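Notes to accompany the following structure.
All of the numbers you see were taken from the coordinates with simple rules; none came from a lab. As the structure is a prediction and not an experimental result, all values here were calculated from the model. All Cβ positions, glycine included, derive from the backbone under ideal geometry; neighbour counts span all protein chains shown.
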Amino acid sequence: MHTLAFQMPDRGGGPTGPRMRVGRPSRRVRTLLMTLGVLAVLGMAFTMFAGFWTDWLWYRSVHYSSVFTTTLWTKIGLFFVFGLLMALAVGFNIWLAHRMRPPLSAMSMEQQSLDRYRMGIAPYKTWLLLGITSLVGLIAGASASSQWRTWLMWVNGVPFHQKDPQFHLDVSFYAFDLPWYRFLLGFGFAAAILSLIAAALTHYLYGGLRITSPGARATAAATGHLSVLLGVFVTLKAIAYWLDRYGLAVKSSDFKATDNWTGLRYVDANAYLPAKTILFCIAVICALLFFATLWRRTWQLPVIGFGLMVLSAILIGGLYPAIVQKFQVQPNEQAKEAPYVEKNLRATREAYGIQGAKVTDYSGKSNTQDKTKLRDDVASTASIRIMDPNIVSPTFQQLQQMRKYYAFPNNLDVDRYNKNGQDQDTVIGLRELNLLGVDKQNWINSHFRYTHGYGVVAGKGTTADAEGRPVFTESDLPSKGDLGAYQQRIYYGEKTDTYSIVGGPQKEIDYSDDSGEKTTSYEGKSGVNLANPINRAAYAVAFSEPQILYSGAIGKGSRILYNRTPKERVEAVAPWLTIDGDAYPAVVGNKIQWIVDAYTTTNGYPYASRTTLGSTTADSLTATNDSRAVVAQQNQVNYIRNSVKATVDAYTGEVKLYQWDTADPVLKTWMKAFPGTVEPKSDISASLMAHLRYPQDLFKVQRELLTRYHVKDATTFLSGSEVWQVPDDPTNKSGNAVPPYYLSMKMPDQAAQAFSLTTTFTPNGRDNLSAFMSVDAEAGTPDYGTIRILKLPTSTTVDGPKQVQSQFNSEQDIAESIRLLRGGDSEVEYGNLLTVPLDGGLLYVEPVYVRGGGLKYPLLRKVLVTYGGATAFEDTLDQALNKVFGATGPTTQPPPDEGTTNPPPTSSNPTVQEALNDAQKAFDAGQEALKKGDWQAYGQAQKDLEEALQRAEDAQSKADRTGGGDKNSGTGGPSPSSSPGG
């Protein structure tokens, strides 16, 4: 130690050198720390740049760069304008308070104790001022930038050409102007309060204000300064009172007639409205008194005026309306409220597009004695769909998945396709990519090799084959059938939620057939080019995937595809739209197009009651399935239009927005804000028009409103005697509302069937049927969007859906049959309970599926039908209808030579085929025993069926392990589950 201490000075460090070097970092360490700091700053900067740059590249790739730039520049403009205004307001008042500080000799003892704080900040006061103003400016600017929608709607607003009944102002004032004025008012209040606080603190710090010292509490300069700021605050309060008058027209309140009541009531028009006017006048006088302090230099009159304003707000704004409500309204509420209820009724019906709903009386009971005629009328009245798209997805999956890396959505869709000149209700789904089914999970497989789904699978909605399976009109891989030639590769879909890199040196797996795997390379123009190293680096950062930067699988022509679900793409290119929860596919021309319904909304329609979209559009499907989303969870609106029909190409990802509601002023406003983004309605092709339909979420919103707003009489509305409710889904135990159903049918006033969306209503708190509602869902027809309601009589009761389901379950023969169907490990699943008006009565039809006995998917086994008190539970719809009506009618089953029935299952494995043959025999024996009522034989047949299916599954598993499976099956051979049985 002594030697070391002695040698150090010889190196020029001096006696204290070693201690100084230990306490201070060396130059190398300081350089390293500085370098790391610079790198950290650059890293954060590049991370922010990567987010911005990738967004810009994506919008440019979909040809909607104007949406990105308009939104960006609007946000930047609002940020800087309002941030600068707030910074200037606060900074100016701090500077003014500092400039008005009294001389040091006038300071009190109290202020002298603050001298050390003044001395401490004196060298930094300029920087402190800049720091404070910058902070408040940043906060205010960030808050203002979030109001870009409010600004764009205000500056681009177009008139509704409809006036509110109270103030006679155009509805656009409430929808577009009032929200912006309220934002400006809120900003003004924030600026006044922050300036007042900053000025008061500065005056106190520099002696302009005193708290504990004797004598005057404030200098004349401080008094004048703060009184002006208080005057500004009270002036803003006066403006707020004036705007509150108009706000009454869009104010929601509790009212026993309905939830979320909006608009003026008697107490608003006769108490609150005059009170707001009086308070406005008082506030103006009070503000003038504060401004007068500049000359009078006394707080006496302003304080008295302010106290008067507060007292008036309590008495005039609170107590007086309560007295009016108690002593004028409540003793004679219906007479007082009726004129305002009528205004609410008209406005609500107009705002939700239900003003044209046709309500007609319907007896609910048929007077036709000719049962043969009734039976014949069924075919002309409705194409009854027994294939439930919300049940048969596993059946599509098992029979048409083909490979494990394909999958269908949990809920299939219903569309109509023309065959031989007639529209046919069709259950349709896409064979989308399912990365969870890829055997070897790695980055290359997940993002380069497995990139797309393949083909459409469709089946008739109105028929099933002899084994209860769908009758496919489009099937196999590649898909073939009635839909003709089209681009079958699906790069954009509901289940495609990850990015893919395509078009480069790495080939993609296309599909597999008997000759083996086929590869392809994406030829579309969508996606962002990754040949640019800056782009690669940006996406490596944005996606937190460094391999994008250096992977050899990326090269010339590589493009990255992301934001691939239809909902994501439409939401991104049109952030001002509310998107329907269910996008559906259609083959349009030679392409697969996703069709997305989009809505324009506002919550500023005067007198129209509000609804929450999230709760209104929820039903038993959204509660139990993840493929059908709920719209805008907590988005409260009181005006909605299906103003845009959007399409997303499943191969190219191209997004197109078409103007649908050409009269909607909200859409016109957004089209002014984002010119060129929405194409005219005339550009919709005839082939696309054939697949457009009335959207489910709009229908659910309208049916919820119509539970109360189907009445037009204020007295009936107030009494609540005609309130309906949407019944719970009786086919499951979710406790959620029954979903609406698409169905080709005709209402009593229609000459022919039309593709429709239907629902039922029950009286509030009861289960019998009160009304049946349908809307013409077939776009391009004169009656599209026409709402028809058949109102059942209140003097008699007609069974509702829950009662019909209970009737099905309680009948002894049906209950025993269902119990037998549940034998072993089988599960019974009830399909959609369809309601069809027929000759004055109501026909209910419900398909019943069985899943079990070794089967992994549901098969249609029975059909429940009831009409006029008669019930049938038969193997086919025709048999059930014949039994209910006691007459034979035209068959709904296709002739065997149509070419659309499913081929019998075959297997290249003799052992499997032998077991499947035994399963078929056991199934046939069970059906024969069921018809004879021989339950013992039926039970034995079920056991034989289960044993045969187990042998088939064991043999197939063995074949898979030894490589002897059928190449046409995604699991190496045909699954035993595809056997006819159950």
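What list of whole percents do you get for P(r) of the stretch 219-272, with Cα-Cα distances grouped in 5 Å bins up to the one holding the largest distance?
5, 17, 17, 14, 10, 9, 8, 7, 6, 4, 2, 1
Could you run the Karplus curve 6.51 cos²θ - 1.76 cosθ + 1.60 with θ = phi - 60° over the stretch 589-594 and give me ³J(HN,Hα) per residue in whole Hz, x for Gly and Pro?
Each residue's phi maps through the Karplus curve to give x, 10, 9, 8, 10, 7 Hz.
For the chain, list the DSSP H helices whose alpha carbon atoms reach 20 Å or more along the long axis and whose average Kyte-Doolittle value is 0.0 or above? Please list the in-between numbers first.
Working: long enough: 27-61 (49 Å, 0.70); 65-99 (49 Å, 1.23); 125-145 (29 Å, 1.32); 178-205 (40 Å, 1.42); 220-247 (40 Å, 0.92); 273-296 (35 Å, 1.88); 300-314 (22 Å, 1.91); 333-351 (26 Å, -1.38); 910-932 (33 Å, -0.82); 935-962 (41 Å, -1.46).
The answer, listed by residue number, is 27-61, 65-99, 125-145, 178-205, 220-247, 273-296, 300-314.
Enumerate the calculated ³J(HN,Hα) couplings along the stretch 827-832 in order (Karplus 6.51 cos²θ - 1.76 cosθ + 1.60, θ = phi - 60°), each rounded to whole Hz, writing x wherever the residue is Gly or Pro.
10, 9, 10, 8, x, 5
May I have the pair-distance distribution P(r) for the stretch 188-315, computed from all Cα-Cα distances with 10 Å bins from 0 and rounded to whole percent?
Calculated P(r), rounded to whole percents: 13, 32, 28, 16, 9, 3, 0.
Using the Cα gyration tensor of the stretch 499-563, with a ≥ b ≥ c the square roots of its eigenvalues, what is the shape: rounded (a/c below 1.5), prolate (a/b larger than b/c) or oblate (neither)? Write down the numbers at each step before the final one.
Values: a/c = 2.33, a/b = 2.15, b/c = 1.08.
The shape class here is prolate.
Distance between Cα centroids, the stretch 568-617 to the stretch 433-449: provide it in whole Å.
Cα centroid of the stretch 568-617 versus Cα centroid of the stretch 433-449: 32 Å apart.
If neighbour count is taken as other Cβ atoms inside 10 Å, put Val804, Val303 in order from fewest to most.
Numbers: Val804 23, Val303 15.
Ascending Cβ contact count within 10 Å gives the list Val303, Val804.
Could you order peptides 839-849, 523-533, 270-280, 453-463 by the average number of other Cβ atoms within 10 Å of their residues, highest first?
Details: 839-849: 23.1, 523-533: 16.7, 270-280: 19.0, 453-463: 25.7.
Averaged packing, sorted descending, gives the order 453-463, 839-849, 270-280, 523-533.
For Val38 paired with Asp439, estimate the spin-label separation in nm (one decimal), with each label point 7 Å from Cα along the Cα-to-Cβ line.
Reported label-point gap for Val38 and Asp439 is 5.3 nm.
Please provide three numbers in whole Å: the alpha-carbon extents of the stretch 552-699 along the principal axes, with the largest listed first.
Taking the Cα atoms of the stretch 552-699, the three principal extents are 60, 38, 31 Å.
Beyond 19 Å between alpha-carbons counts as too far, so tell me which of Lys163/Lys700; Lys358/Lys668; Lys712/Lys791; Lys681/Lys746; Lys419/Lys681; Lys358/Lys712 fall in that bin.
Exceeds cut-off: Lys163/Lys700; Lys358/Lys668; Lys681/Lys746; Lys419/Lys681.
Between (i) 33.9; (ii) 36.0; (iii) 36.8, which entry matches Kirkwood radius over Cα pairs in Å as derived from the coordinates of this structure?
(i)
Any chance you could list P(r) for the stretch 281-349, counting all Cα-Cα pairs in 10 angstrom bins from zero, rounded to whole %?
Here the calculated profile for the stretch 281-349 is 18, 26, 20, 19, 13, 4.
Which value in nm describes the separation of the simple spin-label points at Leu311 and Trp73, placed 7 Å from the Cα toward the beta carbon?
Result: 5.6 nm between the two label points.
Could you tell me which of Gly83, Tyr352, Leu859 has its Cα farthest along the dipole of the chain towards the positive end, charges placed at Cβ (Lys, Arg +1; Asp, Glu -1), taken about the Cα centre?
With unit charges placed on the Cβ atoms, the residue in question is Gly83.
Length gain on complete extension for the stretch Ile323 to Asn532, per 0.36 nm per residue less the alpha carbon to alpha carbon distance? The partial results should precede the final answer.
Values: separation 209, 0.36 × 209 = 75.24 nm, distance 7.32 nm.
Once the chain is fully extended between Ile323 and Asn532, it gains 67.9 nm.
Across the stretch 677-688, in residue order, what do the Karplus-derived ³J(HN,Hα) couplings come to in whole Hz, using 6.51 cos²θ - 1.76 cosθ + 1.60 with θ = phi - 60° and x for Gly and Pro?
8, 10, 7, x, 4, 5, 7, 6, 6, 5, 5, 6
Suppose R0 equals 35 Å. What FRET efficiency, 1/(1 + (r/R0)^6) with r the Cβ-Cβ distance, do Lys883 and Tyr784 give to the nearest 0.05? Let's see the in-between values first.
On the way: r = 37 Å, r/R0 = 1.05.
The computed FRET efficiency comes out at 0.45.
Check which residues have an amide H placed less than 5 Å from Gly604's amide H, if you skip close sequence neighbours.
Under 5 Å from the amide H of Gly604: Asn638.
How much of the DSSP beta bridge set in the chain is antiparallel, as a percent to the nearest 5?
So the antiparallel bridges amount to about 95 percent of the total.
Name the long-range amide H neighbours of Val798: under 5 Å, sequence gap of 5 or more, or other chain; modelled H, no Pro or chain starts.
Leu769
Report the label-to-label distance for Gln812 and Thr298 in nanometres (one decimal), using points 7 Å from each Cα along the Cα→Cβ vector.
Here the modelled spin labels are 10.0 nm apart.
Report, in whole Å, the centroid distance computed from the Cα atoms of the stretch 221-294 and the stretch 57-75.
When both Cα centres are located, 40 Å separates them.
Pulled fully out, how much extra length does the chain show between Asn420 and Leu820, if you take 0.36 nm times their separation in residues and subtract their Cα-Cα distance? Don't jump to the answer; show the numbers that get you there.
Values: separation 400, 0.36 × 400 = 144.00 nm, distance 4.09 nm.
Gain in length upon complete extension: 139.9 nm.
For Ser744, enumerate residues with amide H under 5 Å from its amide H, sequence gap 5+ or separate chain, H modeled in the peptide plane.
So Ser744 has HN proximity to Ser383, Ser756.
Along the charge dipole of the chain, Cβ charges K/R +1 and D/E -1, which of Ser366, Asn442, Tyr405 sits furthest on the positive end?
Ranked along the dipole, the leading option is Asn442.
Can you return the lysines within cross-link range of Lys371? Criterion is Cα-Cα under 18 Å, with same-chain partners fewer than 8 residues away left out.
Lys883
Can you compute the charge dipole magnitude of the chain about its Cα centre, using +1 on each Lys and Arg Cβ and -1 on each Asp and Glu Cβ, nothing else charged? Give it in debye, rounded to the nearest 20. Kindly include the intermediate steps, with their values, before the conclusion.
Numbers: 94 positive and 90 negative charges, 1262 e Å.
The dipole magnitude comes to about 6060 debye.
Taking 37 °C and 0.692 mPa s as the conditions, I'd like the Stokes-Einstein D for the stretch 281-435 in µm²/s, using the Kirkwood hydrodynamic radius from alpha carbon pairs.
Details: Rh = 24.9 Å.
It comes out at roughly 132 µm²/s.
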